[in-house]
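To start, the structure itself, in structure tokens.
The values are calculated or read from the model by the stated rules, or taken from the named source; none is laboratory data. Since this is a predicted model, take the numbers as computed values, not measurements. As a convention, Cβ positions derive from the backbone with ideal geometry for all residues, glycine included, and neighbour counts pool all protein chains shown. To get the accessible areas, we keep the full protein, side chains included, count just its heavy atoms, and leave off ligands, DNA and RNA. Shrake-Rupley method; radii C 1.70, N 1.55, O 1.52, S 1.80 Å.
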Amino acid sequence: MKQTLSRRQFLRRSALGAASAWLVTSRNAFAKGSPNGKLDIACIGVANRAGENLREIEKLTDIANVVALCDVDANFLAKAKQQHPQAKTFTDFRDLIDAKGIDAIVVSTPDHTHAVATVTALKSGRHVYCEKPLTRTISEARIVAETARKHKRVTQIGTQIHAGGNYRRVVELIQSKAIGDVEEVHVWVSVTYGGKDLPPASPVPAGLDYDLWLGPVEPVPYSPEFVPFKWRNWWMFGGGALADFGCHYMDLPHWALELRHPISAEAIDGPPVHPHSTPPWLIVRYQYPPRTGLPAVTLTWYHGGKKPELLKSLVAPDQLSKWNSGVLVVGKSGMVLANYGSHVLLPEKDFKGFVAPTPFIKDSIGHHREWVEACRTGGETTCNFDYSGALTEAALLGNVAYRTGLKLIWDAPNVRTYNAREAQEFIQHEYRKGWRI
């Protein structure tokens, strides 16, 4: 690491003039709209979920070029290079960001390196698409959102379900008052992570730069229980099911009810807290304040097979498996039950003959295409870092409440709790020497 930093410092000093000139050009690229030009995109991460993002960008041949690829695993990188022989390749994302000829960057690393890659990219003048959750910690999410705002970059988080027609129709039902005012929401997923003890050390596989994979995290011995698939089980890299799927499923009520920052969060049930591993199941209750013309809302999160008791009274036993994950929005005059691809108004007998409102939310052109087009034309995205930063903060606050064992009274403007100094340990990011945002 010391050799890498020293080399980077030398290169930066020797090329300062050229870099400064490039940065001015980069910040102005596509600023006034360039609908006839293609966006030159770099991808940090090229396999697994990152590979899915790369494939989505590949489809946009009419408006985008893949010009650079980065991965800490040489085997993954070599395979991606075969598909994109024209693209430059990098192991260290910082070297990629130093390179010229890049308009926008897709960040698809594990959660613990989202912030360092995203903030560096934003400060370099690039537009950014980042996988969800936006960051591993609340403090990072706030910094990422503020950096995007300051540098006026076009951003999008990887909540691709937001672009689907089903969510839009549900939002229209709720916002048109089909179920009346809403004060209660339940969100649950069947997914489970965690509940593990730290594994023994193993040899680092050939081709993997494990130190770079760790990035800002204090070094721990390599284990296949960390890289490449199972890092969500561990607090040092991710936040388990709530961090992973909160941004997908809580997105729906956040959007429909114009929710932003909760005023409190409390884990009302869950297993004993493990110092290293995330909870395999959990129930968290959030309180959101009134918004203009809208009442306060209680939102309850469940994962690991836990579901709201109310659901059992609404859905026939043979239909419960259809709703292993879902959102139940409870209004004064009815309810909406939804998942990614379907929804139903309940009780069904009360909505016989109901005519849905004329759609007023425009269908998406595609989640990735929406971002690329906005970069090219100076437009907007539906899940920019202002919206998704607050959504990420809300999801992560539930984990903080669980880890402290307290009902947290949240001071969102100051990114802290009013009542629990000990929570700051889990709110604030801490990086090893040589890394910062």
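Taking residue 136 as the residue in question, decide whether it is part of a helix (DSSP H, G or I), among the charged types (D, E, K, R) and within 28 Å of residue 417 (Cβ to Cβ). Steps first, please.
Details: part of a helix (DSSP H, G or I): no; among the charged types (D, E, K, R): yes; within 28 Å of residue 417 (Cβ to Cβ): yes.
Against the criterion (part of a helix (DSSP H, G or I), among the charged types (D, E, K, R) and within 28 Å of residue 417 (Cβ to Cβ)), residue 136 does not qualify.
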| field | Counted residues, the range 127-153 - those being in contact with a His (Cβ under 9 Å, 6 or more places away or on another chain) and charged (D, E, K, R) | value | 5
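From the list 303, 254, 274, 261, which residue is over 22 Å from residue 415 (Cβ atoms), under 18 Å from the mean Cα position of the chain (by Cα) and either hydrophobic (A, V, I, L, M, F, W, C) or at pLDDT 95 or above (or both)? Break it down stepwise before answering.
On the way: 254 fails: over 22 Å from residue 415 (Cβ atoms); 274 fails: under 18 Å from the mean Cα position of the chain (by Cα); 261 fails: over 22 Å from residue 415 (Cβ atoms).
Selected residue: 303, the only one of 303, 254, 274, 261 that is over 22 Å from residue 415 (Cβ atoms), under 18 Å from the mean Cα position of the chain (by Cα) and either hydrophobic (A, V, I, L, M, F, W, C) or at pLDDT 95 or above (or both).
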| Could you give every pair whose Cβ atoms fall below 8 Å, whose first residue belongs to the range 93-109 and is in a loop (DSSP other than H, G, I, E, B), and whose second residue is basic (Lys, Arg), counting only separations of at least 6 or pairs across chains? | 99/88; 102/126; 103/126; 108/49
| request: Report the residue count in the range 323-359 for those that are surrounded by fewer than 13 Cβ atoms within 10 Å (Cβ to Cβ) and over 17 Å from residue 179 (Cβ atoms). | output: 3
| request: From (1) farther than 24 Å from residue 367 by Cα; (2) charged (D, E, K, R); (3) crowded, with 19+ Cβ neighbours inside 10 Å, pick out the condition that doesn't hold for residue 153. | output: (1)
| message | The conditions are (1) open to solvent by 10 Å² or more (accessible area, probe 1.4 Å); (2) polar (S, T, N, Q); (3) not in a loop (DSSP other than H, G, I, E, B), and residue 118 fails exactly one of them. Which is it? | response | (1)
| query | Among (1) buried (at least 17 other Cβ atoms within 10 Å of the Cβ); (2) touching a Pro at 6+ places or on another chain (Cβ under 9 Å); (3) in a strand (DSSP E or B), which single condition is residue 279 missing? | reply | (3)
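Results for (1) out of contact with any Lys or Arg (no Cβ under 9 Å at 6 or more places or on another chain); (2) part of a loop (DSSP other than H, G, I, E, B); (3) open to solvent by less than 20 Å² (accessible area, probe 1.4 Å), shown as yes or no for each residue.
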{"position": "204", "(1), (2), (3)": "yes, yes, no"}
{"position": "227", "(1), (2), (3)": "yes, yes, yes"}
{"position": "236", "(1), (2), (3)": "no, yes, no"}
{"position": "246", "(1), (2), (3)": "no, no, yes"}
{"position": "253", "(1), (2), (3)": "yes, no, yes"}
{"position": "262", "(1), (2), (3)": "yes, yes, yes"}
{"position": "272", "(1), (2), (3)": "yes, yes, no"}
{"position": "299", "(1), (2), (3)": "no, no, yes"}
| said: Being farther than 19 Å from residue 332 by Cβ, of a type in the set (A, V, I, L, M) and open to solvent by less than 60 Å² (accessible area, probe 1.4 Å) is the filter here; which residues of the range 168-202 pass it? | reply: 187, 189, 191
| Checking residue 241 against (1) surrounded by fewer than 20 Cβ atoms within 10 Å (Cβ to Cβ); (2) outside any loop (DSSP other than H, G, I, E, B); (3) hydrophobic (A, V, I, L, M, F, W, C), the condition it does not meet | (1)
| field | Test for residue 126: is it touching a helix residue (DSSP H, G or I) at 6+ places or on another chain (Cβ under 6 Å), charged (D, E, K, R), modelled with pLDDT of 95 or more and within 29 Å of residue 75 (Cα to Cα) | value | no
| said: Filter the range 380-437 down to the residues that are over 16 Å from the mean Cα position of the chain (by Cα) and among the polar types (S, T, N, Q) and list them by number. | reply: 404, 414, 417, 419, 424, 428
